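Okay, structure first, notes after.
The values are calculated or read from the model by the stated rules, or taken from the named source; none is laboratory data. Note that this is a predicted model, so its numbers are computed, not measured. Reconstructed Cβ throughout: ideal geometry from the backbone, glycine too, with neighbour counts over all protein chains shown.
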Amino acid sequence: MTTDLAIEAVDLARSYRTRTGWLKPQRKTIDAVRGVSLAVGRGELFGLLGPNGAGKTTTIKMLNTLLLPTAGSARILGYDVARQPLEVRRRIGYVFGGDRGLYERLSALDNLRYFAELYGVEPREQLPRIHQLLEQVGLTGREKERVEGYSRGMRQKLHIARGLLHRPDVLFLDEPSIGVDPAAARELRRMVADLVEGGTTVLLTTHYMAEADELCDRIAVIASGTVRAEGTPDELKDRVRKLDVLEIEVHDAIGEEHLRLLRETGGIERATVETKGTIDVVTVHARPSHASHASVLAALGDLRTGKVTTREPTLEDAYLSIVSDAATAGSEG
Amino acid sequence: MTALTRALRLTFHGGGLSYRALFNWTTPPMFIGTLLVSPLFQIFFFVHVGRTLGVADDRFYLLGNAVLATSVPCVYGGIMAVANERRYGTLGAVLLSPRSRGLIWGGRVLPYILNGFVVMVFMMGAGSLALGLPLPASALLGLAQVFVVAAASCALFGLALGALAVRIRDVFVISNAAFTLLILFSGANLPPAAMPHWMSAIGSFLPLSHAITALRALFDGGSTAGIWPSLGGEAAVALGWAAVAYGLLRFFEWRSRANAALDVM
C-alpha cells in the first residue's frame, strides 16, 4: 500500500463515558477529542502542542490503535487504525514519558529482549539491534542493571530504545523529554533529528516550546479537543509578530489586580506572569505604538520593577496566544 | 528463520522473560517461604486434623494437599502474569504488539506449570519423608503425569482469572477467593463421599479435583493407564479454562479499545 501521507486523520473524535456512584450512578460523557484532522507527510516531523487535557494523548492513542475513534477515521501509511490494527502496529513505535511502562525487576537488556520478541524483531537481529540502541541512547555499561534502580532520565532513554527496536516507519513521541536533564534532552533532540533524516516520520507532543521550535517541520496546536492552529513554527510566530513583546522583571509578588489593570491598559492585548527564581517576569503583548513602557509600568503601580526588555515573539508567545484565544472562545461559547 | 521457530521463541523465551518480570515470588526467601514452606505446613495441619477427628488417614491428606500446593504458584502466578502488567504500566506496550495473543499469553503460563510441578514434587518428597509414607517407584510415572496435567489446569485457571485484571483493578481479591474455593471444592481435604453432590459437581469444573482423584487411585494400587480417564477429565477442565482465558483476554482487549475501559499507559 503506497501513499504520500504517513499519518492522516479526518474528523477524528473520541468521547468517554464515566460513571460515579453505585446506588444513584451519575453518568457523564466527556468529549476528549472533537474532530481533529491532520495530514503528516512521510519523513515529516510533526508537533502536536496543547495544554494538559487538550486531547493530545487521546489523539495519539487513536492513531496508534490503543483506542478506537468514536467518530472520524485515521490511517497510518494507508492502513486504517480501526480496521487494520495489526498492519498499523507493525509499522509504528510509541514512546511515552514518565517513570512507568517498564519491567522493574528486569534489566534494561532483558526489557529490550522481551519487547524485541513482542514486536517481531528477527531473532538473529535482536542482540545487535539492542546493543546498537543501548549505545545510541547512552545506556551501554548499565544494561545489565535492574530498571528499578534507574533514574528517570535513564528510564526515558530505555523507553526510547524500546520504541525504536523494530525500526518503525512512524514514531509517536508523547512528551519524551519529560523529566530528562538538559544534556539528555539535547541528546534526545539530536536523535530525533537523525531519525527524521533517516526517513522516519515522527509525531511529537511536548510542553517544551524550544524543543518543538527546533525540531518540528509543522505544528498543530490543539486545545479542548480541536486543532486551533496549524503551520510551520514561523507561520505560527507570524500570528503574534504584529505585536510588541515586553518583558518586565518585578521584585514583588504580582496579584490578579495588577494583571487586570495591565490588560485594561490601552493597546495591551495580553499579559501573563511567570515566576523565575525570586522574581516575577511579566510578559506583555502590545500593539505597536499603542502601549508605552510608561503606561505598562504605571499599571504595575508601586511594585518594584527591574529590567524592561523588548524582544521578538517566540513560539511560546504564539502558543499562549492560540491557547488563550481558544479558552476565551470556549468560555464565551 | 521459520514462522514456527519464531512462534516457539515467543512462547518459550518470551514466556520465561515474562515470568521473571511479573512473578512476585522469584526471590529465594519469597519462593521458599510462600511456595514451599507454607504449603508444607498446610499438609501437616490437615494431617493433624485428620488424625484428631479420625476423618481420613495421613496419605489422604498428603496426596490431596501436595496437588493443592500447585495452586499457589499457578493460580497466583497466572493472575500476576496479567495483573502485574497494570502495576508496571506495561500493558499498553504489550497490547501494541502485532503478534499472536495466543502465543503471548499462552507462553506466560508455561513457567508457572513448571513451577507448579516443582512445588508438587517437593511436597510429595518432603511430605512422604516427614510422615514416613512410602513412595513406590512404580507410581512415579503416573505421579509425573498427574502433576503436569494438574499444574497446567491450575495455571490456565489462574490465567482466566488474570484476564479479569485487564478490566478490574483489584483482581487479587478474586485470587484469594479462588484459592479458598479450591481448598473447599477440589476434594483435597474432604473425602468425596462426605461432599454433597452439588459440591462435587462444582469441583468437577474446577482444576485439581480430577487430578487428585487420579493420584489417589494410583496410590490405591491402580495402574498408570487406569488413571487416564481421570487425567482426561482434568485435561478437559484445563482446555476449558484455556478457552475461557483466551476469550476473556481478547474480549477485554477489544473492550479497552472500544470503551477506553483501561488505563493502558
*Candidate set from the range A:84-101 (those that are within 7 Å of chain B (Cβ to nearest Cβ) and in contact (Cβ under 8 Å) with a residue 24 or more places away in the chain); member that is nearest to B:Glu85 (Cα to Cα)*: A:Gly101
*Restricting attention to strands (runs of 3 or more DSSP E) lying wholly within the range A:11-82, give those where 1 or more residues are without any contact (Cβ under 8 Å) to a residue 40 or more places away in the chain and assigned by TED's automatic domain parsing to the domain that holds A:Ser224.*
A:26-41
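Before we move on, is B:Met120 within 13 Å of the chain's Cα centre (by Cα), within 14 Å of chain A (Cβ to nearest Cβ), closer than 23 Å to B:Leu181 by Cα and not hydroxyl-bearing (Ser, Thr, Tyr)? Can you show your working first?
Numbers: within 13 Å of the chain's Cα centre (by Cα): yes; within 14 Å of chain A (Cβ to nearest Cβ): no; closer than 23 Å to B:Leu181 by Cα: yes; not hydroxyl-bearing (Ser, Thr, Tyr): yes.
For B:Met120, the condition - within 13 Å of the chain's Cα centre (by Cα), within 14 Å of chain A (Cβ to nearest Cβ), closer than 23 Å to B:Leu181 by Cα and not hydroxyl-bearing (Ser, Thr, Tyr) - is not met.
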*Would you mind telling me which numbered condition in (1) surrounded by fewer than 23 Cβ atoms within 10 Å (Cβ to Cβ); (2) more than 17 Å from the chain's Cα centre (by Cα); (3) not aromatic (Phe, Trp, Tyr) A:Ala161 fails?*
(1)
*asked:* Among (1) closer than 28 Å to B:Glu85 by Cα; (2) in a strand (DSSP E or B), there is one condition A:Asp110 misses while meeting the rest; what is its number?
replied: (2)
*Among the residues of the range B:20-39, write down those that are among the aliphatic types (A, V, I, L, M) and more than 9 Å from every other protein chain (Cβ to nearest Cβ).*
B:Met30, B:Ile32, B:Leu35, B:Leu36, B:Val37
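Would you pick out the residues in the range B:89-106 that are in a loop (DSSP other than H, G, I, E, B), more than 12 Å from B:Glu253 (Cβ to Cβ) and facing another protein chain (nearest Cβ under 7 Å)?
Residues of the range B:89-106 that are in a loop (DSSP other than H, G, I, E, B), as a first pass: B:89-90, B:96-100.
Narrowing further to those that are more than 12 Å from B:Glu253 (Cβ to Cβ): B:89-90, B:98-100.
Passing the criteria: B:Gly89, B:Thr90, B:Pro98, B:Arg99.
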*Checking A:Asp280 against (1) outside the structural domain of A:Val36 (by TED's automatic domain parsing); (2) of a type in the set (Asp, Glu); (3) within 30 Å of A:Leu12 (Cβ to Cβ); (4) modelled with pLDDT of 85 or more, which test does it fail?*
(3)
*Does any residue in the range B:170-186 that is under 15 Å from B:Ile79 (Cα atoms) and part of a helix (DSSP H, G or I) come within less than 7 Å, Cβ to Cβ, of a residue that is modelled with pLDDT of 90 or more and aromatic (Phe, Trp, Tyr) six or more places away or on a different chain, and which pairs are these?*
B:Ser175/B:Tyr76
*Kindly list the number of the only condition in (1) surrounded by 21 or more Cβ atoms within 10 Å (Cβ to Cβ); (2) in a helix (DSSP H, G or I); (3) of a type outside the set (A, V, I, L, M); (4) modelled with pLDDT of 90 or more that fails for B:Ser256.*
(4)
*How many of the residues in the range B:38-62 are assigned to a helix (DSSP H, G or I) and surrounded by 13 or more Cβ atoms within 10 Å (Cβ to Cβ)?*
16
*Can you name the residue in the range A:127-151 that is surrounded by fewer than 15 Cβ atoms within 10 Å (Cβ to Cβ) and within 14 Å of another protein chain (Cβ to nearest Cβ) and, of all such residues, is farthest from B:Thr2 (Cα to Cα)?*
A:Glu148
*Residue within the range A:91-101 that is surrounded by fewer than 18 Cβ atoms within 10 Å (Cβ to Cβ) and at pLDDT 90 or above present*: no
*Look through B:Leu140, B:Leu135 and report the one residue that is away from chain A (no Cβ under 14 Å), over 17 Å from the mean Cα position of the chain (by Cα), of a type in the set (A, V, I, L, M) and not in a loop (DSSP other than H, G, I, E, B).*
B:Leu140
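Would a scan of the range B:216-239 turn up a residue that is within 14 Å of chain A (Cβ to nearest Cβ) and of a type in the set (S, T, N, Q)? Break it down into steps so the answer makes sense when it comes.
Going residue by residue through the range B:216-239, those that are within 14 Å of chain A (Cβ to nearest Cβ) are none.
Checking the range B:216-239: not a single residue is within 14 Å of chain A (Cβ to nearest Cβ) and of a type in the set (S, T, N, Q).
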*Take the range A:237-257 and flag every residue that is modelled with pLDDT under 85, more than 28 Å from the chain's Cα centre (by Cα) and crowded, with 17+ Cβ neighbours inside 10 Å.*
A:Ile254
*Out of all the residues in the range A:32-50, is one or more touching a Lys or Arg at 6+ places or on another chain (Cβ under 9 Å) and at the interface with another protein chain (Cβ under 9 Å from one of its Cβ atoms)?*
yes
*Considering the range B:17-33 alone, what residues qualify as being surrounded by 17 or more Cβ atoms within 10 Å (Cβ to Cβ) and in a helix (DSSP H, G or I)?*
B:Leu17, B:Ser18, B:Tyr19, B:Ala21, B:Leu22, B:Phe31
*Is the range B:26-44 home to any residue that is of a type in the set (Gly, Ala, Ser) and more than 28 Å from A:Asn64 (Cα to Cα)?*
yes
*Taking into account only those residues within the range B:7-19 that are at the interface with chain A (Cβ under 7 Å from one of its Cβ atoms) and over 16 Å from B:Arg86 (Cα atoms), which is farthest from the chain's Cα centre (by Cα)?*
B:Arg9
*Please specify each residue of the range B:184-216 satisfying the condition of being surrounded by 18 or more Cβ atoms within 10 Å (Cβ to Cβ) and either among the basic types (Lys, Arg) or more than 21 Å from the chain's Cα centre (by Cα) (or both).*
B:Arg216
*Among A:Thr59, A:Thr65, which is the only one that is more than 11 Å from every other protein chain (Cβ to nearest Cβ), of a type in the set (Ser, Thr, Tyr) and buried (at least 22 other Cβ atoms within 10 Å of the Cβ)?*
A:Thr59
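Go through the range A:68-83 residue by residue and tally those that are more than 11 Å from chain B (Cβ to nearest Cβ) and buried (at least 23 other Cβ atoms within 10 Å of the Cβ). Spell out the reasoning first.
Looking only at the range A:68-83, we keep the residues that are more than 11 Å from chain B (Cβ to nearest Cβ), and these are A:71-80, A:83.
Next, from what is left, pick out any that are buried (at least 23 other Cβ atoms within 10 Å of the Cβ): A:74, A:76.
Of the residues in that region, 2 qualify.
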*Counting just the residues of the range A:116-126 that are more than 7 Å from chain B (Cβ to nearest Cβ) and within 29 Å of the chain's Cα centre (by Cα), which one comes out nearest to A:Glu145 (Cα to Cα)?*
A:Ala116
*Go through A:Ala212, A:Ala220 for me and flag whichever is of a type in the set (Gly, Ala, Ser), part of a strand (DSSP E or B) and in the same structural domain as A:Asp181 (by TED's automatic domain parsing).*
A:Ala220
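I'd like the residue in the range A:35-46 that is within 17 Å of A:Ser224 (Cα to Cα) and not β-branched (Val, Ile, Thr) and, out of all such residues, is nearest to the chain's Cα centre (by Cα).
A:Leu38
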